[in-house]
Amino acid sequence: MAISVGDKVPDVEVKTLGADGAPQTVRTGEVLGTGKVVLFAVPGAFTPGCSKIHLPGYVQHGDEMKAKGVTTIACIAVNDPWVMQAWADAQGASGKIVMLADGNAEFTKAMGLEADLSGAGLGTRSQRYAAVIEDGTVTSLEVEPNPGVNVSACEAMLTKV
């Protein structure tokens, strides 16, 4: 069952890449549990919709979100931390977007928002969505009903924060 508005965000271990290039374990309850957070999930780093529309929108309009009181913008994908950091570097997101690697899809499954993309050779991935999380509680959740980046785009989420 998918998480809903009013639910607490799951608290599971995911990875980030430290300044030394080594993976670091962080808990989603800590990263996403304080302040006003916008979390967006993508099916995969470096994939076309994610790289051409989804992440670039948050990089481009992140300052507008911060001006509206957002303390953290985070991106999560079922990828490893090296790929997430390489993608952040390639997209100009380093230092602007917290890149969370959910390599085993544990957070994605805890959210109830996994997608079986094995037909495309991608295995278990995340559905594309964006959420506003205030002090650990989901206050808005926009899951894409169809392929593409619409309701979870930064421009759409600016109206939710």
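FYI, it's all coordinate maths here, none of it is from the lab. Predicted model, so just to flag it, every value in this text is computed and none were measured. Counting neighbours? That spans all protein chains shown, and the Cβs are built from the backbone with ideal geometry, glycine included.
For LYS15, what charge total do you get from the other residues with a beta carbon under 9 Å from its beta carbon, if Lys and Arg give +1 and Asp and Glu give -1? All intermediate terms of the calculation are to be shown ahead of the outcome.
Details: positive: none; negative: GLU13, ASP80, ASP102.
Here the charged neighbours net out to -3.
Suppose every Lys and Arg Cβ carries +1 and every Asp and Glu Cβ carries -1, with no other charges. What dipole size does segment 1-65 come out with about its Cα centre, to the nearest 20 debye? Please report the intermediate quantities before stating the final value.
Details: 5 positive and 7 negative charges, 30 e Å.
Value, rounded to 20: 140 debye.
For every other residue with a beta carbon closer than 10 angstrom to the beta carbon of GLU142, add +1 if it is Lys or Arg and -1 if Asp or Glu, then tell me the sum. Could the numbers behind the result be given before it?
Details: positive: ARG128, LYS160; negative: GLU144.
Net local charge, GLU142 excluded: +1.
Sorted by average packing, counted as other Cβ atoms within 10 angstrom per residue and highest first, what order do 68-76, 21-29 take? Working shown, then result.
On the way: 68-76: 18.6, 21-29: 13.7.
Packing proxy ranking, top to bottom: 68-76, 21-29.
What's the ranking of 57-65, 32-40 by average number of surrounding C-beta atoms within 10 Å, highest first?
Working: 57-65: 16.8, 32-40: 21.3.
Most protected by this proxy first, the peptides run 32-40, 57-65.
Excluding same-chain residues fewer than 8 positions from LYS8, which lysines have a Cα within less than 25 Å of its Cα?
LYS36, LYS66, LYS68, LYS96, LYS109, LYS160
If you take every DSSP beta bridge fully contained in segment 13-157, what fraction is antiparallel? Give it as a percent rounded to 5.
Values: 21 of 30 bridges.
Antiparallel bridges make up about 70 percent of those DSSP assigns within segment 13-157.
Rounded to whole Hz and in sequence order, give me ³J(HN,Hα) for segment 60-73 from the Karplus expression 6.51 cos²θ - 1.76 cosθ + 1.60, θ = phi - 60°, writing x for Gly and Pro.
Once θ is set to phi - 60°, the couplings for segment 60-73 become 5, 10, x, 5, 5, 5, 4, 5, 8, x, 6, 8, 9, 10 Hz.
Under 5 Å between amide hydrogens, which residues at least 5 positions from THR124 or on another chain qualify, with H placed 1.01 Å from N in the peptide plane?
LEU117
Hey, any idea what Rg/Rh is for segment 13-157, computing Rh the Kirkwood way over Cα pairs?
Working: Rg = 13.8 Å, Rh = 14.9 Å.
Rounded to two decimals, Rg over Rh is 0.92.
Name the residues whose placed amide hydrogens come within less than 5 Å of the amide hydrogen of ASN79, ignoring near sequence neighbours (fewer than 5 apart) on the same chain.
Result for ASN79 returns ASP102, GLY103.
Using 0.36 nm per residue, how much length does the chain from LYS160 to ALA86 gain when fully extended, once their Cα-Cα distance is taken away? Show your work: numbers first, answer last.
Details: separation 74, 0.36 × 74 = 26.64 nm, distance 2.92 nm.
Here the answer is 23.7 nm.
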